[in-house]
Amino acid sequence: MSSPCDPQHAPVGDVGAALMMIDSRLKSVHDGRTETDPEQQALIEQFTASLGPEGADALLDGTCTLIFMFMTWLRKAHESQDKDVIEYVVPNLVATMHMMPRSVRPEAVPTMAGLVIAAGTGLSPNLWRKQYGDWTEEEMNPLEVTAFLLAEHINRITDDPDFATRLISEALSGSDED
């Protein structure tokens with residue numbers, strides 16, 4: 001029986017824009033810029049505002065799609081080593097988020113952990129979250145942090161600082177050819 005949170009029922013969203021934002025954050029961190037750059041933040045806010053409500057929803061859906069794709073890759077990688085992705089990814093993610101109280105409020109951590117667990121078990125993170133109501137403004141930054149941390153985790157596993165971005169870019173290129 002199909003779940004109402006099955007990814008086939010979820011909107012894909014603007015994965016390209018979501019990937020651009022996450023890749024930008026990854027590059028900033030790798031360049032040693034860990035503090036929020038006011039100019040970059042202003043550009044991101046201007047870009048997000050220019051999207052309008054439908055575009056913002058598409059960006060949100062795209063970020064959830066990234067989380068799903070990252071967790072799918074991580075699940076397959078862990079299964080190939082006879083390991084459970086939830087056991088190896090979620091505790092690290094939660095611990096890291098707890099060390100980021102300015103970016104991720106403590107009350108958002110359980111939601112983001114649930115989102116990642118849903119994705120790791122093959123459910124749409126967006127549909128999983130929506131069953132508890134609409135997204136809140138307070139969840140937007142933690143959602144971006146979640147996608148960022150998963151991408152960074154993949155990059156560390158592969159010892160390649162661009163692997164996660166390339167993984168999604170190649171998947172998008174492949175879907176364009178279909």
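A 1.4 Å probe run over the protein chains yields, for the chain, 55 Å² of accessible area per residue, whole-number rounding.
Normalised size of segment 42-178, defined as Cα radius of gyration per 2.2 N^0.38 Å with N residues, equals 1.05. Each of ASP61, ASP159 has its accessible area taken with a 1.4 Å probe; listed largest first, they run ASP159, ASP61. Dipole magnitude for the chain: computed about the Cα centre from +1 point charges on Lys and Arg Cβ and -1 point charges on Asp and Glu Cβ, it is near 480 debye.
I need the shape label for segment 26-115. Rule: rounded when a/c is under 1.5, else prolate if a/b > b/c, else oblate, with a, b, c from the alpha carbon gyration tensor. Prolate. Sorted largest first by accessible area at a 1.4 angstrom probe radius, with every protein chain in place, the residues ARG129, ARG166 fall in the order ARG166, ARG129.
The trypsin sites (Lys or Arg not before Pro) of segment 20-98 meeting both criteria, a DSSP state outside H, G, I, E and B (loop) and at most 12 other C-beta atoms within 10 angstrom of the site's C-beta, are ARG33. In the chain, the portion of solvent-accessible area held by carbon and sulfur atoms comes to 54 percent [1.4 Å probe, whole percent, DNA, RNA and ligands not counted]. One equal scatterer on each Cα of segment 1-63, no solvent, Debye formula: the resulting log10 I(q)/I(0) at q = 0.16 Å⁻¹ is -0.62. So how far, in whole Å, is the C-alpha centre of segment 1-65 from the one of segment 75-133? With segment 1-65 and segment 75-133 each reduced to a Cα centre, they are spaced 17 Å.
Decide, for segment 96-162, between rounded, prolate and oblate: order the square roots of the alpha carbon gyration tensor eigenvalues as a ≥ b ≥ c, take rounded if a/c falls under 1.5, and otherwise choose prolate if a/b is larger than b/c, else oblate. List each step's numbers first, then the result.
Details: a/c = 2.32, a/b = 1.32, b/c = 1.76.
Oblate, because a/c is 1.5 or more while a/b does not exceed b/c.
Which of the chymotrypsin sites (Phe, Trp or Tyr not before Pro) found in segment 115-178 are loop residues per DSSP with 15 or fewer other Cβ atoms within 10 Å of their Cβ? Mind showing how you got there, number by number?
On the way: sites: TRP128, TYR132, TRP135, PHE148, PHE163; in loops: TYR132, TRP135.
Those satisfying the criteria are TYR132.
Think of each Lys and Arg Cβ as +1 and each Asp and Glu Cβ as -1; about the Cα centre, that makes the dipole of segment 71-163 roughly 160 debye.
Go ahead and run the numbers for FRET between TYR132 and ASP31, Cβ-Cβ distance against an R0 of 35 Å, rounding to 0.05. Walk me through the intermediate numbers first.
Details: r = 37 Å, r/R0 = 1.05.
About 0.45, to the nearest 0.05.
The share of C-alpha pairs in segment 51-100 whose separation exceeds 17 Å stands at 53 percent. For segment 88-130, a/c is not less than 1.5, where a ≥ b ≥ c are the root eigenvalues of the C-alpha gyration tensor, and a/b does not top b/c. That puts it in the oblate class.
The values are calculated or read from the model by the stated rules, or taken from the named source; none is laboratory data. Quick caveat: nothing in here was measured; it's all calculated off a predicted structure. Counting neighbours? That spans all protein chains shown, and the Cβs are built from the backbone with ideal geometry, glycine included. Note: areas computed on protein heavy atoms with side chains; ligands, DNA, RNA excluded. Shrake-Rupley method; radii C 1.70, N 1.55, O 1.52, S 1.80 Å.
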